[in-house]
1. Provide the FRET efficiency to the nearest 0.05 for the residue 4-residue 129 pair, computing r from the beta carbons and using R0 = 35 Å.
2. If we count other beta carbons within 10 Å of each Cβ, what is the order of 16, 71, fewest first?
3. Which translational diffusion coefficient, to the nearest whole µm²/s, is obtained for region 22-101 from the Stokes-Einstein equation, given a Kirkwood hydrodynamic radius over C-alpha pairs, 20 °C and 1.002 mPa s?
4. Under the 0.36 nm per residue contour assumption, what length would be gained going from the current alpha-carbon distance of residue 141 and residue 90 to full extension?
5. Measuring from label point to label point, each 7 Å out along Cα→Cβ, what is the residue 80 to residue 55 span in nm?
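Read-outs throughout are calculated quantities, based only on the coordinates presented, and are distinct from any laboratory measurement. Since the model is a prediction, treat every value here as computed from it, not as a measurement. A quick note on method: Cβ atoms are made from the backbone with ideal geometry, for glycine too, and the neighbour counts reach across all protein chains shown.
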């Protein structure tokens with residue numbers, strides 16, 4: 001946990017009200033969680049901790065760039081990340097989790113480590129299917145993309161006749 005020490009916020013000494021924190025997240029952050037999909041990442045995370053007498057409200061905002069491999073062409077591309085998340089921290093008897101937006105810390109806790117919440121937020125903000133923007137707009141020139149387009153199923157055969165197999169599939173509708 002030594003690596004993530006900078007993500008620990010001691011909230012006991014803070015006055016009631018809003019307090020701003022900022023963090024720089026790179027690839028070493030993800031290596032700590034043994035997540036190897038992000039080789040290059042440059043993310044700025046801002047946290048607004050709103051301390052109330054009986055609970056804490058944590059508002060996360062992350063922006064940055066993550067270099068991802070495309071699931072179709074395997075080309076690397078810059079994914080622009082922009083995500084927000086709000087977390088309520090209540091104090092009391094620690095029991096089962098109420099929801100994803102509310103956590104309960106035991107009475108007497110004086111600090112919170114937000115690294116796990118930042119990690120989960122970033123991972124969930126990245127789409128499951130990662131498609132290079134050049135594929136979507138047709139500007140990416142790649143051998144893999146050209147081969148996939150050549151192998152793409154067509155309704156018509158090369159000689160202009162309709163393939164009868166498509167008619168059988170249309171009957172299913």
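1. Working: r = 30 Å, r/R0 = 0.84.
Once rounded, the FRET efficiency stands at 0.75.
2. Numbers: 16 9, 71 13.
By the 10 Å Cβ count, ascending, the order reads 16, 71.
3. Numbers: Rh = 15.0 Å.
Translational D for this selection: 143 µm²/s.
4. Details: separation 51, 0.36 × 51 = 18.36 nm, distance 5.23 nm.
Taking 0.36 nm per residue and subtracting the Cα distance, the gain is 13.1 nm.
5. Those two pseudo-labels are separated by 3.5 nm.
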